[in-house]
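The structure appears below as structure tokens.
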Amino acid sequence: MKAVIQCGGMGTRLRPFTSVLPKPLMPIGARPVLELLLKWLRRSGIEDVYVTTGYLGHLIRSVCGDGSQWNLRIRYTQEMEPLGTIGPLSLIRDELNEPFIVLNGDVLTDLSISRFTAAHRLHKDSVTIATSLRLTKMDFGVIDEVDNTVQVFREKPALSHLVSMGIYCMNPDVLDFIPSGIPFGFDDLMLQMLQAGRVVHVYKHEGLWLDIGRVEDFQNAQTVSWEERSASIEVAAAAA
């Protein structure tokens, strides 16, 4: 299976650090995020990776090269203009001729790719989204009302939401929805697919997931020994 890592964003949430480094090269301990992602993919049996680049893409190429140091084959795309979160797939549509993984270049997780892709293959639909339950602490008192009268008042509650992890398993027919040469986000893709009556599945991950683009998650990632997160290795061994 091929994987596409989206690395074209400008990392505005981590400025000023991302003024000199693209977000996928931000360090987690002594290693850049992207290196940890690539090693995670390789442990899961993936050998072919496309890295979509834009902002400071030359630095990503310099650090990762052709991927041979990790026993990977890495190929790159370069966006002349930003193409959004899913638009860069249009640059390699001819290469994606079988089910593939798409992931943001700023996530760290112990998700088992083998279990995720197996769940995707159980149905015939085009997209499965890896999801995680995330608690959001509200800074306000939240009111439920009916006819302008308070029914329930909750002081700064923590609300639970099922959120996208920025990791997707897709079939090639999803590329029919993605236009070439214009910005196109994952939200645009979801809107078009749902309007067309297409079913989109979710895979619920209960383990670790951090969005490095968030300052809090970036700081939390520094305390985790990512090289020791071996869930993918264990699942691969069990399957063998």
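See the values below:
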read-out	value
Accessible area, probe 1.4 Å, largest first, for residues Lys39, Lys137	Lys137, Lys39
Under Karplus coefficients 6.51, -1.76 and 1.60, residue-wise ³J(HN,Hα) of segment 193-200 in Hz, glycine/proline x	5, 5, 5, 7, x, 7, 8, 10
Mean Cα-pair separation over length for segment 118-191, i.e. relative contact order, pairs under 8 Å, 6 or more apart, %	34 percent
Cβ-based charge dipole, segment 93-240, positive-most Cα from Trp209, Ala158, Val199	Val199
Exposure of Ser160 as accessible area (Å², to 10), given a probe of 1.4 Å and all protein chains	70 Å²
Of all accessible heavy-atom area on the chain, the percent that carbon and sulfur account for (1.4 Å)	54 percent
Accessible area of Glu35 in the full protein assembly, 1.4 Å probe (Å², nearest 10)	20 Å²
Lys, Arg +1 and Asp, Glu -1 on Cβ, resulting dipole of the chain about Cα centre, debye, nearest 20	500 debye
Angstrom value of the Kirkwood radius, inverse mean 1/r, which spans all Cα pairs in segment 137-210	16.4 Å
Solvent exposure, largest accessible area first (probe 1.4 Å, DNA, RNA and ligands not counted), of Phe184, Phe153	Phe153, Phe184
Anisotropy class of the chain from Cα gyration tensor, a/c 1.5 cut	rounded
Accessible area per residue, Å², segment 90-227 with all protein chains present, probe 1.4 Å	55 Å²
Check: segment 104-204 dipole with +1 on Lys, Arg Cβ and -1 on Asp, Glu Cβ, in debye	460 debye
Tilt relative to the chain, helix 33-43 - C-alpha long axis, 0 to 90 degrees, to 10	70 degrees
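The values are calculated or read from the model by the stated rules, or taken from the named source; none is laboratory data. Remember, predicted model here, so these are calculated numbers, not experimental data. Virtual Cβ from ideal backbone geometry, glycine too; neighbours counted across all protein chains shown. We work out accessible area using only protein heavy atoms, side chains counted, and drop any ligands, DNA or RNA first. Shrake-Rupley method; radii C 1.70, N 1.55, O 1.52, S 1.80 Å.
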